[in-house]
Structures are given as C-alpha cells and as structure tokens.
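Would you mind keeping the following structure in view while I ask a few things?
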Amino acid sequence: MKTLRESLAMICLALTVSATSGQAQQAPSFKNSFDKNTYWMTKYYRPLEFDSVRLGNSNRLEQLLRAGKLYLSLSDAIALTLENNIDIEIQRYGPELARVDYRRAEAGGQIRGVSTQVTQGAQSAVNLVTGGFGAAGGGAGGAGGGAGNAGSNTGTVFTVTGSSIPNLDPILTTSYFHSKNSNPQTNSFVTGISALVISSDSFNTGIQKQFITGTTLQGTYGSQAITSNSPNNDLNPFTRSNVQMSITQRLLQGFGIAINNRNIRVAKNNLKVSDLTFKQQVITTVSSTINLYWDLVSFNQDVAVKQKAVDLAQKLYEDNKKQVEIGTLAPIEIVRAEAEVARTQQDLTVSQTQLLQQEAIIKNALSRNGIASPAIADARIIPTDQIRVPVGDETMDVKSLVDEALNKRPELEQTRINIQNTKIGIAGSKSALLPSLDATASFTNNGLAGNINGLPAPGGRLRFVDPFFVGGYGGAFAQLLRRNFPDYSVGFNLNVPIRNRAANADYANDSLRLRQQELQEQRQLNSVRLEIANAVIGLQQARARHESALKSRRLQEQTLEAEQKKYALGSSTIFLVIQAQRDLATAQGTEVTALANYSRAKNTLDVATGRVLEVNSVSLEEALKGVVGKGPTALP
C-alpha cells in the first residue's frame with residue numbers, strides 16, 4: 001500500500017507540472033505574499049491584487065498656488081487634466097481590461113468585450129446663467145457636442161456566436177475512493193460463499209487538452225486494488241490497472257485554426273480598440289479643457305468690460321451730481337445717471353458670478369476630489385494666456401484636412417476594427433451551419449496482478465494460477481508499460497441537426513449586422529467630411545466676426561469720446577452720452593464674444609481633424625501613466 005501511495009503521488013506531481021508549465025511565461029505581475037519557492041505552483045489559483053484607486057491630486061496644483069491665487073496657463077490646465085481628471089483616470093483601466101480579456105480568449109474562454117464609452121467634458125457656466133455674456137457655449141462643444149458630464153458614447157465590441165470554442169487550458173482530474181461492500185448471495189455457486197465482502201481502493205487520474213485545430217487529446221490512468229472473502233478467486237487481493245489515450249478530431253463544424261482562434265483574434269483587435277477609446281477620451285477631455293480655459297479667459301475679459309462700463313456710468317453720475325449742485329443741470333439727470341449705474345452694476349454682478357461658476361467648474365475638472373480641498377476651493381484662478389487671432393488670412397485645403405482626419409480620428413479606426421471583428425465572427429457562424437462530424441481513436445493498455453488466494457478452494461480443488469499474474473502493484477504497472485493486453489478502437493460520430501434554424505438565424509443576423517456596420521462606416525465618413533467643411537467655414541466666420549467686432553469697438557470708443565466732448569460743451573444730452581456708453585460696452589462685449597468664438601472654432605477644427613493632441617503637445621504615453629514630464633509654467 002505504501003508503494004501505491006508513493007507511485008500515485010509521483011504521477012499527480014508530474015501531471016500538475018505538465019498542465020501548468022506551458023503557460024508560465026504569460027503570467028501577469030501582481031502582489032505575492034507567499035514563499036517565492038512555491039509561487040510557480042500556486043500563481044494560477046490565487047486572485048490578482050491591484051492597487052487601490054488614486055484619489056489624490058498631483059502636486060502641480062500646489063505648485064501653481066500663490067497667495068490664494070491659482071495662476072494657470074493653458075499648458076498647465078492640459079497637464080492637470082492628464083494627471084487628475086477622473087474621466088481619463090477611469091478610462092486608464094480600459095487597456096488593462098482588454099489585456100485581461102485577451103488572456104481569457106487565449107484560454108478558450110468567451111470574451112466579455114471592451115467598453116467604448118467616452119464621457120463628454122464639463123459645460124461652461126454660460127449655460128447655467130441667464131443674461132450677461134452668453135456666446136462662449138458649452139465646454140464640450142469641440143468634442144462632439146455639449147452633452148455635459150452625462151453624455152457618452154456607449155457599446156461593446158463583439159458578441160460571440162457560431163461553433164463552440166475549444167477550452168485551450170489543460171484540465172487535470174484526479175479521484176480516489178475507498179469502499180467496503182457486503183453483499184448477501186442468493187447463489188453461492190459463483191462466489192463460493194453466502195455473504196460476499198469486497199474492499200477496494202480506486203484511484204483515477206487523467207489530463208485533457210484541447211487544441212486550436214479542433215483536436216481533443218485525453219490521457220487517463222486508473223487503478224483498483226480489491227480484496228474479497230471469495231474462495232473462488234484465484235488472486236486475492238489483486239490489482240487492476242489501465243492506461244488509455246484517446247484523440248478526437250472535428251472534421252466539419254469547428255474544424256480549422258481560423259474558426260477556433262476567432263476569439264483570440266477579436267480580443268487582440270480589442271486591445272487596439274481599448275487604446276483608441278482611451279485616445280478618444282483624452283481628445284474629448286483635453287478639447288473640453290481647452291474650451292473651458294478660453295471661456296474662463298473670455299469671462300475675465302467680460303468682467304473687465306462690465307467694470308469699465310460701471311466706471312464710466314459712475315463718473316457720469318458724479319459729474320452730473322456736481323453740475324446739479326451748482327445749478328447748471330436739472331436734478332432729473334442725476335436720477336437718469338443713477339439708473340444707468342444700477343444697470344451696469346447688475347451686468348457686472350452677473351458677469352462676476354458667472355466667472356466664479358466657471359472657476360468652480362474648471363477646478364472640478366482639473367482635480368480628482370473636486371473642490372473638496374479648501375485651499376483649492378477658495379483660490380481664484382488667474383489665467384496667464386490670452387486669446388490671440390493670427391494676423392493675415394489662414395489658407396486651408398479642405399481635401400487635405402479631410403485626408404488628415406481620416407488617418408487620425410480614432411473613432412474611424414474603431415469602426416474599421418469592429419467591421420473586421422464582425423467578419424471574424426461570421427466565419428464561426430458559417431461553421432455552425434455544417435453538421436458535426438468527429439473522428440475518434442482510443443488506445444488502452446490493461447494490467448492485472450495479485451497474490452494467490454490463501455483461502456481454501458471449494459471442493460478441495462487445486463488452484464492453477466499463471467505466474468505471470470502473480471505479484472503486486474508493480475507487476476500490474478509493468479504489464480501496462482509492456483502493453484501486454486492492449487485494446488484499440490476507432491470510429492466517428494455524426495450529428496446532423498434537422499432544419500438547423502438557429503445556426504441559420506445566427507449567420508443571417510451577423511451578415512445583416514455587417515451590412516449595417518458598413519453603411520454606418522460610410523455615414524461616419526460623410527459626417528467627418530461635413531464636420532471638416534463646417535469647421536473650416538466656422539473658423540472663417542469667427543475670424544471675420546472678430547475683425548468686424550474690433551472695428552466696431554474702435555468706432556464706439558471714438559463715438560463716446562466725441563459725445564463726451566460735445567456734452568462738455570453743451571451741444572449734447574445726457575441721454576446721448578449714456579447711449580454711447582452702452583454702445584461701447586456692447587461693442588466691447590461683442591469683441592470678447594468674437595474672441596471666444598474664434599478660440600472655440602479653432603479647437604473644433606483641431607478636434608475634427610484629429611490633431612488636437614498634436615497641436616497641444618499631448619503625449620498619449622504620459623496620459624496613460626498620468627504623469628506629465630513638463631514642469632509647471634513659470635509664475636508671473
């Protein structure tokens with residue numbers, strides 16, 4: 001019995017090593033608190049450990065704080081977005097999930113697909129306040145619409161249909177049973193005794209491996225040691241052993257590497273899809289941050305414009321008050337000037353609160369914990385960059401811009417990969433239309449050994465036992481190795497589903513979905529061309545409006561100056577002066593709006609062409625790590 005246990009232990013160890021050693025090079029790195037010497041034996045049976053989520057901000061925020069003010073350049077705003085934005089942080093798990101799914105596909109498991117969800121950026125405060133400055137638009141406009149934080153593109157990449165995928169991980173099975181049975185006999189002629197008692201120890205082990213070719217290979221070993229009280233048995237106790245090797249090959253349905261590795265190819269494509277989704281999220285979030293930043297600059301300029309209007313109205317009020325005191329002006333003009341002061345003060349208050357809201361939105365977008373930190377929540381943001389319109393006309397070739405967009409837009413590449421995945425899946429559905437035909441072959445070696453029964457034979461007969469079968473467990477095992485008692489069998493198994501409606505429906509479904517995807521791709525290409533054309537026109541319009549607003553503001557400055565001089569000489573009225581002040585404030589606000597619209601039109605064109613990351617020097621590698629190598633901009 002000791003020899004039996006030792007032999008079984010050696011077989012179990014050998015099968016375990018063979019089942020796990022083939023994949024040792026693909027193990028992912030994870031935390032391990034066990035002894036390194038036993039790690040290789042247990043690593044596939046312990047859960048992976050991952051770091052906790054990062055909720056703290058990078059130290060760039062603190063480096064930009066001075067005396068309660070956050071001095072922020074556009075490059076710093078983008079860097080903080082890459083380091084701290086939660087939408088990007090969530091999307092960083094996408095490539096890792098795709099790698100886990102690929103690992104599952106390599107084992108023959110059904111893939112779970114990757115998410116293509118992209119969250120839109122935050123909206124600017126312009127949509128949150130009525131009245132006042134209102135031309136900048138939402139912060140996510142350049143990224144595909146101002147949908148706000150709730151907007152997203154959702155979906156998974158692939159659903160598996162068709163013939164079954166083989167399980168590519170080996171499976172080791174081992175069993176041991178000890179039993180004792182007492183059976184009263186109705187006829188003692190066979191057993192030679194009225195109550196048969198049998199004690200047995202059964203051990204079985206085997207390993208099964210399926211291959212990408214549709215082949216299944218299985219090896220089993222079984223041994224049973226039996227002791228009984230039957231005097232008719234010539235051997236007692238005795239051991240039966242057998243070793244069996246069987247092979248099954250699919251010949252129709254599920255035949256071929258291209259059919260059985262389709263999940264692996266799809267999962268490999270999904271690695272690219274997850275990278276493209278991450279890139280799309282970075283583009284969306286960065287473009288949103290750019291719009292938020294330039295809106296903040298515009299809001300600051302608008303506050304300055306409203307403050308100038310208040311100062312002009314206040315100066316007019318003070319001048320009128322003095323003239324009323326000396327009797328050169330009717331008292332009603334004080335009321336008129338005071339009303340203008342109140343109106344301009346109201347506009348200034350709306351503009352200032354809108355600026356505060358915009359600052360809160362940006363702080364929330366540039367940090368993981370929002371405005372929970374008092375130092376960040378109370379800090380006022382001082383933008384250090386200004387919107388600049390290039391001098392001279394910009395020449396843009398729409399055709400070259402479209403070609404650039406077709407090469408750079410990540411969603412277009414995602415669509416192409418999804419079509420490729422669908423075609424891969426159709427091959428599996430087509431294979432499922434075929435009948436199932438499997439060829440099988442098995443080879444078995446048998447062994448028997450035991451001791452001569454020590455119980456007296458019935459009727460006093462002499463026992464004649466072949467010495468070949470006399471021995472212990474080792475004798476039976478030696479017979480297996482020598483193949484003294486072999487069995488062979490070959491055959492096939494054919495299954496033909498009548499009507500086969502489910503497989504036909506799956507194939508038709510996949511084929512129709514492919515046609516839809518091809519049309520959706522064309523629609524997407526048409527949409528990109530239209531986006532480019534509209535973005536070019538929008539940029540040209542924004543430039544023309546800015547030039548017009550600039551000239552109008554200069555005209556209104558001269559008009560107000562002339563009106564003030566005429567009023568001082570008594571040839572004008574307070575109404576005309578107030579009207580000129582209002583016209584100047586309107587012209588200045590229009591110029592600020594035109595600058596904001598130009599910055600957004602430029603950002604929209606960059607997003608439409610897919611070069612927003614290139615224009616703003618954004619590294620995807622740094623975005624994936626969440627660490628920007630470039631230090632903060634020098635503070636003024």
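The values are calculated or read from the model by the stated rules, or taken from the named source; none is laboratory data. This structure is a prediction, so every number in the text was calculated from the model and none was measured. Glycine gets a Cβ as well: all are built from the backbone with ideal geometry, and neighbour counts include every protein chain shown. For accessibility, only protein heavy atoms count, side chains too; no ligands or nucleic acids. Shrake-Rupley method; radii C 1.70, N 1.55, O 1.52, S 1.80 Å.
Express the carbon and sulfur contribution to the solvent-accessible surface of the chain as a percent, rounded to the nearest whole number, probe 1.4 angstrom.
Roughly 56 percent of what the probe reaches on the chain is carbon or sulfur.
Give the shape of segment 443-501 as rounded, prolate or oblate, defined through the alpha-carbon gyration tensor: a ≥ b ≥ c are the square roots of its eigenvalues, a/c under 1.5 means rounded, and otherwise the shape is prolate if a/b is larger than b/c and oblate if not.
In terms of gyration-tensor shape, prolate.
Rounded, prolate or oblate: pick one for segment 511-584, where a ≥ b ≥ c are the square roots of the eigenvalues of its C-alpha gyration tensor, a/c under 1.5 means rounded, and failing that, prolate if a/b is larger than b/c, else oblate.
Since a/c reaches 1.5 and a/b is larger than b/c, the shape of segment 511-584 is classed as prolate.
Rolling a 1.4 angstrom probe over the protein heavy atoms, how many square angstrom per residue are accessible across the chain?
Result: 52 Å² of accessible area for each residue.
Something else now. What's the local net charge at ASP506, with K and R +1, D and E -1, over the other residues with C-beta under 12 Å away?
So the environment of ASP506 carries a net charge of +2.
Also, quick follow-up: Taking the dipole about the Cα centre of the chain, with the C-beta of Lys and Arg at +1 and of Asp and Glu at -1, give me whichever of VAL341, VAL197, SER373 is farthest to the positive side.
The listed residue farthest towards the positive side: VAL197.
Net charge around GLY425, counting only other residues with Cβ within less than 13 Å of its Cβ (Lys, Arg = +1; Asp, Glu = -1)?
Neighbourhood net charge equals +3.
In addition: Set the bar at 26 Å for Cα to Cα. Now go through LYS279/LYS630; LYS399/LYS630; LYS43/LYS268; LYS69/LYS625; LYS408/LYS430; LYS279/LYS399 and name every pair that lies beyond it.
Beyond 26 Å between Cα atoms: LYS399/LYS630; LYS69/LYS625; LYS408/LYS430.
Show me the helices of the chain, taken as full DSSP H stretches, that run 30 Å or more along their long axis by Cα and average -0.5 or above in Kyte-Doolittle hydropathy.
262-325, 332-365, 574-609
Is the shape of segment 351-482 rounded, prolate or oblate, going by the alpha carbon gyration tensor and its root eigenvalues a ≥ b ≥ c, with a/c under 1.5 for rounded and a/b larger than b/c for prolate?
prolate
Still on this model: As a test of reading the structure, rank TYR488, TYR567 by solvent-accessible area (1.4 Å probe, protein chains only), most first.
Most to least solvent-accessible, the answer reads TYR488, TYR567.
Where does the longest stretch of the chain lie that holds no trypsin sites (Lys or Arg not before Pro) found in a DSSP loop with 10 or fewer other Cβ atoms within 10 Å?
The longest uninterrupted stretch comes out as 32-387.
Normalized C-alpha radius of gyration of segment 324-391, against 2.2 N^0.38 Å?
1.89
A further question on this structure: At a probe size of 1.4 Å, how large is the accessible area of LEU462, to the nearest 10 Å²?
We get 130 Å² for LEU462.
May I ask for the distance between the Cα centers of segment 374-393 and segment 223-242, given as a whole number of Å?
Here the answer is 92 Å between Cα centres.
With n ≥ 4 as the cut-off for DSSP H runs, can you work out [θ] at 222 nm for the chain, using -39500 (n - 2.57) per run divided by the number of residues, rounded to the nearest 500?
So the calculated ellipticity at 222 nm is -17500 deg cm²/dmol.
Something else about it: How far, in nm, would the chain grow between GLN63 and ALA544 when pulled straight, counting 0.36 nm per residue and subtracting the alpha carbon separation?
169.2 nm is the gain from fully extending GLN63 to ALA544.
Determine the sum of side-chain charges near ASP583: Lys and Arg each +1, Asp and Glu each -1, restricted to other residues whose C-beta is under 11 angstrom from that of ASP583.
0
Report, in whole Å, the centroid distance computed from the Cα atoms of segment 561-608 and segment 436-455.
Distance between centres, Cα-based: 100 Å.
Explain nothing, just compute: Karplus ³J(HN,Hα) = 6.51 cos²θ - 1.76 cosθ + 1.60, θ = phi - 60°, for every residue of segment 238-255 in order, whole Hz, x for Gly and Pro.
9, 10, 9, 9, 8, 10, 10, 10, 10, 9, 10, 10, 6, 10, 10, 5, x, 8
Same structure again: Let me check against my output: what whole-number percent is the relative contact order of the chain, with C-alpha pairs under 8 Å and at least 6 apart?
20 percent
Of [x] 1.10; [y] 1.60; [z] 1.18, which is the value of Cα Rg over 2.2 N^0.38 Å derived from the coordinates here?
From the options [x] 1.10; [y] 1.60; [z] 1.18, the structure gives [y].
Largest first, what is the accessible-area ranking of ASP438, ASP403, ASP606 with a 1.4 Å probe?
From most accessible down to least: ASP403, ASP438, ASP606.
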